[in-house]
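**Student:** The structure's right below; bear with me while I get my questions together.
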Amino acid sequence: MERDPGSEAQVDFGYAGHMLDPATGALRKTWVFVMLLAYSRQQYVEFVFDQAVPTWLQLHAHAFACFGGVPHRVVLANLKAGIVKASFDDPQVQRSSRECAEHYGFLLAPFCPRTPEHKGKVEQGGVHSGKQNCLGGRVPTLITQANVDVRHWCLTTAGQRIHGTTKEAPLHRFEAVERAQLQPLPTTPYAVAVWKRVTLHRDCYVVFAQAFYSAPFRLIGQPLWVRGGSQEVRLSTTHDELVATHARAPRPGARVTHPDHLPPAKVPGALWTRETCQALAAEVGPATAQLVETLVADPVLDRLARVIRVLKLRERVGTSRLEAACARALHFGALTSRTRKRMLDQGLEAEALAVTPAPAPARTFVRTAAELLGELAGGAPWSETSSEPRS
């Protein structure tokens, strides 16, 4: 069926063989994306290495920019990047695709299951024609070069041929009539974002794009929505209540944490490092800092958990009592947790430290043992070492 100018575009993916990856020089499986305007048959074609959601959305943005406008509706296959669940009456749209459609102002029109003829224009005149005419006889090339070549092909060979149905050149039909009927592009390009349904795990993190993001511990076990943009990640409940906003993790495996999301009792163990503990100890006083430095300097045992327990005493007994207890523990060399706890429970940290008297200097003798004992000590006779008469 023929459509009015600017009313409809059809999109589809097709397998395009192997092309060279510019990053590695290796051959990779390649797919061709085609968006074809139903009235003029003018098309946008691009080769990609995957059919993931970000790629799917970016291809739509590229096609609309190339046409200089947006059709009123887009007919698409039931690809998972666009349609989560195919249905005759109530298809479930992927949230990322829904957001993209809202941004550009077009309607999504997934065709019914098992009815590929509903997008016959793009399937036969777009994907099939491109594979046969543009790629036919080509040797594997860089995908970047292939995209330059196919863009030229769309504007020349494909765009200027006389179409079998319309009896006009698609490019002429597009420039003369359809371009003006497209909706204007939005003032800002679409910032590609991916939506994913996740569950908040026991450790208060969700997993998105191989990185970990925290959410309030009260939501443990509940499903959440993650919206991952290029710079920001947002977490919301299934009722669209925003519960967390994070900067995008710098690398896979990284953890992005907000301290308020963790149970209060778990915050020190999760976030306090050796440097953090040393800085907190210095705030308490010199004795506490010295005690903490002694504990973390152990060359064999990891005493970080013990140091955290020492510093958490500040919340219970206050800064001055903790500093006095650490000073007393250092004075007597009693560094065990049990001794420190008993000291604070009994209030012993307030007692004055006893001053230990300095030891008396050792007595010295003028004469050596050999001089006093003579031959008994292996020395010369006493009479030979002294001019004094014997008594």
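The values are calculated or read from the model by the stated rules, or taken from the named source; none is laboratory data. Because the structure is predicted, anything quoted here is derived from the model rather than measured. All Cβ positions, even for glycine, are placed from backbone atoms using ideal geometry, and neighbour counts span all protein chains on display.
**Student:** Which condition number does Met343 fail, the rest of (1) touching an Asp or Glu at 6+ places or on another chain (Cβ under 9 Å); (2) at pLDDT below 85; (3) surrounded by fewer than 17 Cβ atoms within 10 Å (Cβ to Cβ) being met?
**Tutor:** Met343 satisfies all of (1) touching an Asp or Glu at 6+ places or on another chain (Cβ under 9 Å); (2) at pLDDT below 85; (3) surrounded by fewer than 17 Cβ atoms within 10 Å (Cβ to Cβ) except (3).
**Student:** For the range 157-220, list the strands (runs of 3 or more DSSP E) that sit wholly inside it and hold at least 1 residues that are of a type in the set (Ser, Thr, Tyr) and surrounded by fewer than 19 Cβ atoms within 10 Å (Cβ to Cβ); which are they?
**Tutor:** Where strands (runs of 3 or more DSSP E) fall fully within the range 157-220 and carry at least 1 residues being of a type in the set (Ser, Thr, Tyr) and surrounded by fewer than 19 Cβ atoms within 10 Å (Cβ to Cβ), they are 194-199.
**Student:** Please enumerate the residues belonging to the range 13-46 that are in a strand (DSSP E or B) and either on the phi > 0 side of the Ramachandran plot or surrounded by fewer than 22 Cβ atoms within 10 Å (Cβ to Cβ) (or both).
**Tutor:** Matches in the range 13-46: Phe13, Gly14, Tyr15, Gly17, His18, Leu20, Leu27, Arg28, Lys29, Thr30, Trp31, Glu46.
**Student:** In addition: Examine the range 262-282 for a residue that is of a type outside the set (S, T, N, Q), more than 34 Å from the chain's Cα centre (by Cα) and over 29 Å from Asp203 (Cα atoms), and state whether such a residue exists. Show your work before the answer.
**Tutor:** First, pick out the residues of the range 262-282 that are of a type outside the set (S, T, N, Q): 262-272, 274-275, 277, 279-282.
This time we only want the ones that are more than 34 Å from the chain's Cα centre (by Cα), so: none.
Looking for residues that are of a type outside the set (S, T, N, Q), more than 34 Å from the chain's Cα centre (by Cα) and over 29 Å from Asp203 (Cα atoms), one finds none in the range 262-282, hence no.
**Student:** Against the definition (within 47 Å of the chain's Cα centre (by Cα), without any contact (Cβ under 8 Å) to a residue 40 or more places away in the chain and surrounded by fewer than 17 Cβ atoms within 10 Å (Cβ to Cβ)), how does Thr144 come out, yes or no? Please lay out each step first, then the result.
**Tutor:** Details: within 47 Å of the chain's Cα centre (by Cα): yes; without any contact (Cβ under 8 Å) to a residue 40 or more places away in the chain: no; surrounded by fewer than 17 Cβ atoms within 10 Å (Cβ to Cβ): yes.
So Thr144 fails the test.
**Student:** Let me ask something else. Just give me the residues in the range 135-155 being at pLDDT below 70 and in a helix (DSSP H, G or I), in sequence order.
**Tutor:** none
**Student:** Also, I was wondering about something else. Somewhere in the range 48-56, is a residue of a type in the set (Gly, Ala, Ser) and crowded, with 19+ Cβ neighbours inside 10 Å?
**Tutor:** No, every residue in the range 48-56 fails to be of a type in the set (Gly, Ala, Ser) and crowded, with 19+ Cβ neighbours inside 10 Å.
**Student:** State whether one or more residues within the range 12-25 are modelled with pLDDT of 90 or more and either β-branched (Val, Ile, Thr) or not assigned by TED's automatic domain parsing to the domain that holds Glu168 (or both).
**Tutor:** yes
**Student:** Check the range 81-96 and report whether any residue there is assigned by TED's automatic domain parsing to the domain that holds Pro140, within 33 Å of the chain's Cα centre (by Cα), in contact (Cβ under 8 Å) with a residue 40 or more places away in the chain and loosely packed, with under 14 Cβ neighbours inside 10 Å. So that I can check it myself, show each step before the final result.
**Tutor:** At the first step, the residues of the range 81-96 found to be assigned by TED's automatic domain parsing to the domain that holds Pro140 are 81-96.
Keeping just the survivors that are within 33 Å of the chain's Cα centre (by Cα) gives 81-86, 91-96.
Still in the list and also in contact (Cβ under 8 Å) with a residue 40 or more places away in the chain: 94-96.
Still in the list and also loosely packed, with under 14 Cβ neighbours inside 10 Å: none.
So far as the range 81-96 goes, no, none of its residues is assigned by TED's automatic domain parsing to the domain that holds Pro140, within 33 Å of the chain's Cα centre (by Cα), in contact (Cβ under 8 Å) with a residue 40 or more places away in the chain and loosely packed, with under 14 Cβ neighbours inside 10 Å.
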